[in-house]
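S.K.: Below you will find the structure I want to go over with you.
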Amino acid sequence: NVVSWRTLAVISLVPGALQLVGIFFIPESPRWLARVGRVKEFKASLQRLRGKNADVSVEEDEIQVSWV
């Protein structure tokens, strides 16, 4: 018995709390946005995921073709 059960319970709350906070910072999936027809948001989300200077035009076309 290294730690009490109460201490162990409190320690195990930390990963769940971090995930709960982190879920608000996860962007929506570009594929989902394309599928529901939110094209402007789809392109912005894809650009955000790949970086400001990344060329995402080829990937945009591939995603849009896959949902047609």
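S.K.: Counting only Cα atoms, I'd like the Rg/Rh figure for the chain, Kirkwood definition for Rh.
M.R.: On the way: Rg = 19.5 Å, Rh = 14.7 Å.
Taking Rg over the Kirkwood Rh, I get 1.32.
S.K.: Using a probe radius of 1.4 Å on heavy atoms only, what accessible surface per residue do you get for the chain? Whole Å² is fine.
M.R.: Numbers: 5850 Å² over 68 residues.
That works out to 86 Å² per residue.
S.K.: With springs only between Cα atoms under 10 Å apart, run a GNM on the chain and tell me which of LEU20, LEU46, LEU33 wobbles the most.
M.R.: Per the Cα network of the chain with a 10 Å cutoff, LEU20 tops the list.
S.K.: Taking trypsin sites (Lys or Arg not before Pro) as exposed when DSSP calls them loop (any state but H, G, I, E, B) and at most 15 other Cβ atoms lie within 10 Å, what is the longest stretch of the chain free of them, the sites themselves excluded? Let's see the in-between values first.
M.R.: Details: sites that count: ARG38, LYS52.
That gives 1-37 as the longest site-free run.
S.K.: Identify which of SER29, SER45, SER12 has the largest mean-square fluctuation in a Gaussian network model of the chain, with springs joining Cα atoms closer than 10 Å.
M.R.: Comparing SER29, SER45, SER12 in the GNM, the peak value goes to SER12.
S.K.: Something else: Using a Gaussian network model of the chain whose springs link C-alpha atoms within less than 10 Å, name the residue from ALA54, ALA44, ALA17 with the highest mean-square fluctuation.
M.R.: ALA17
The values are calculated or read from the model by the stated rules, or taken from the named source; none is laboratory data. Values in this document were obtained by computation on a predicted structure and should not be read as measured data. As a convention, Cβ positions derive from the backbone with ideal geometry for all residues, glycine included, and neighbour counts pool all protein chains shown. Calculation scope for accessible area: heavy atoms of the full protein, side chains included, ligands and nucleic acids excluded. Shrake-Rupley method; radii C 1.70, N 1.55, O 1.52, S 1.80 Å.
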